[in-house]
Amino acid sequence: AAGRGAGARRPWQLSPRPRGAVSVAGPGGHYDWAGQLLAGAMLEAEKSGQPPREVLDRRAHDFGQTLAGERPGPGDLDALINLLESHGYEPQILGADIVLLNCPFHAVAKEQAELVCGMNLHLLEGVLAGLGTTGLCACLDPASAGCCVRLKQADRS
């Protein structure tokens, strides 16, 4: 029956890593997240008939909100910086913005920049939505030397 068994978790939920499994997150990288998000979106899109890109964007956003929800305390700028650092990003405050000096999905993004950078954008939008009080928004900044996503003041375009 639907809603039971191993595949019955919510669509945004990523599988926990089995005990003793090796993570594929290298220095500054979370390729396990990328793989699970991409594969899960493909399977869901195939079953639902929805465009895979829309499914991936939604799943990445939901996963970002989940990450934000795991942080205790207020959703302020310090919480955001701590969360980003604890998940492999290298945030740096630059004026009113936060630039990300690295991309946790760099190796994959080199081959599939549009897809992976979009996924990362939606993941970070989810983080910001989950924290709720940072005053920042996520936007693509492909000219950046680090990550293609920049976090900037929400009232700036």
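Read-outs throughout are calculated quantities, based only on the coordinates presented, and are distinct from any laboratory measurement. Predicted model only: the values in this text are computed from it and were never measured. Neighbour counts run over all protein chains shown; Cβ positions are idealised from the backbone, glycine included.
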C-alpha center-to-center spacing [region 129-157, region 54-72] in angstrom: 16 Å
Run through region 38-83 and list the GluC sites (Glu not before Pro) located in a DSSP loop whose Cβ has at most 11 other Cβ atoms within 10 Å. E70
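Note down the net charge around V108, summing +1 for each Lys or Arg and -1 for each Asp or Glu among other residues with Cβ under 13 Å from its Cβ. Don't skip to the end; give the middle numbers.
On the way: positive: K110; negative: D32, E111, E114.
Once all neighbours under 13 Å are counted, the net charge is -2.
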How far apart, in nm, are two points set 7 Å out from the Cα along the Cα-to-Cβ line at N82 and at A96? 2.6 nm
